Amino acid sequence: MELSKEEILYKRLYERMPEEWEIPVSDWSEVVHRCHRNGIKLIPEKEPTKMGNVLNEEDFFLSSQEEVKCIRNSRYCPPFIHRLEFIKVIYVLRGQVIVYLNDIQYEMQSGNFCIITPGIKHTVFSKQDEDSVINILMRISSFSNAFSGILMEQNILSDFFWRILYTKHSNRMLLFRCPNDPKLDRWVENIYVESERESGASNLLMKSYALIFLGIVMREHLNELQLLEELMDDVYVLPAIIQYIKNNIKTVTIEELTRNFEMDESELRHYVVRESGYTFNYLLRDLRLRKAVYLLRNTSLSVERIIEEVGYYNITNFYRSFKKQYGKTPQEYRDKEGILL
């Protein structure tokens, strides 16, 4: 693709002071300061492309229905250190880039990709015209419903996503040193092309393409995983507990969990708090409400039937919990967010 006008500006600045451009910066004012220090006066006072220290879902997901977005990384853009409040896959479609992760530098070649967890300081730097780096963004707030098929798998990648959702240990990234895989290229290109339709993009197609991409990774590329957080084995018990709760959401009890996971009740409650930061009761309520939201958005079941399906037996408690978490009643949520059936 031809360079955009913003990329042309970045390239001209980079060529004037390449050594400055390869050191991460915190904001645009720091870039302006470096330019002035090097005798470059004609530079915009405001950043040409979207930047920020913390990027949240509302910055990119313009509609509540959107669950996947795709954007191309700007070539020659100064490496701005930032954090995300969503999941990001950085995929090198062509060329090579540098990824900075918590002050550590990694080189990524064509075919490589990494998965960034929310809250991690990172940035990407691309310094060649032929580079093509695609960012796939996935909402953390709807991941457990939108990508439930991925979470049902039993492998290191599904466990990684479970930890992003419910534990305090998802503080790193996964880096895959894959050779060029035309299948992965094709699905990344499909996501990008559909996303370029902007308001006409299909969330269903975007989500399906992302699922297929992750499915191929699980089937064919887990052995190319290079970077993985060092965790004790007992960390992986929590995803299994959550999976069991989800599969038995209507009837599950803590007594049942203690039998299945061979813990006494106090041990299980302590373990859940230690690994997730949430009490067992909060976790159970959260999973039930997430299930209720999914049914409200994607089925025509009555609210009363949904309450029964998610295991609530006190209607008043359900309405109070739902209103507290989502700011509206179940019917108001369905009217605003639900999919027409």
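The values are calculated or read from the model by the stated rules, or taken from the named source; none is laboratory data. For clarity, every value in this text was computed on a predicted model and none was experimentally measured. Note that we place each Cβ from the backbone using ideal geometry, even for glycine, and neighbour counts take in every protein chain shown. When the accessible area is computed, the model is the full protein with side chains, heavy atoms only, and any ligands, DNA or RNA have been set aside. Shrake-Rupley method; radii C 1.70, N 1.55, O 1.52, S 1.80 Å.
Quick notes on this structure:
- Total formal charge among the other residues, if their Cβ is under 14 angstrom from that of ASN298, Lys/Arg +1 and Asp/Glu -1: +3
- Heavy-atom accessible area per residue - the stretch 1-51, 1.4 Å, Å²: 64
- Here the stretch 277-341 is treated as a Stokes sphere of Kirkwood radius computed over C-alpha pairs; at 4 °C and 1.567 mPa s its diffusion coefficient rounds to 109 µm²/s.
- Cα gyration tensor category, rounded, prolate or oblate, for the stretch 159-222 with a/c compared to 1.5: oblate
- With the simple model of a label 7 Å out from the Cα in the direction of the Cβ, SER64 to GLU85 spans 1.6 nm.
- Relative to the longest principal axis of the Cα atoms of the chain, helix 315-326 runs at roughly 10 degrees.
- Accessible area per residue for the stretch 244-338 is 56 Å², calculated with a 1.4 Å probe on protein heavy atoms, without ligands, DNA or RNA.
- Modelled label positions at GLU304 and GLU265, each set 7 Å beyond Cα in the direction of Cβ, lie 3.3 nm from each other.
- Using the rule -39500 (n - 2.57) for each DSSP H run of four or more residues, divided by the residues of the chain, the 222 nm mean residue ellipticity is -13500 deg cm²/dmol.
- Principal axis dimensions, the chain - Cα atoms, whole angstrom, descending: 70, 44, 38
- Carbon plus sulfur fraction of accessible area for the chain, probe 1.4 Å, in percent: 50
- Ranked packing of 175-187, 325-337, most packed first, by mean Cβ within 10 Å: 175-187, 325-337
- Computed with a 1.4 Å probe over protein heavy atoms only, the accessible surface of the stretch 99-220 comes to 38 Å² per residue.
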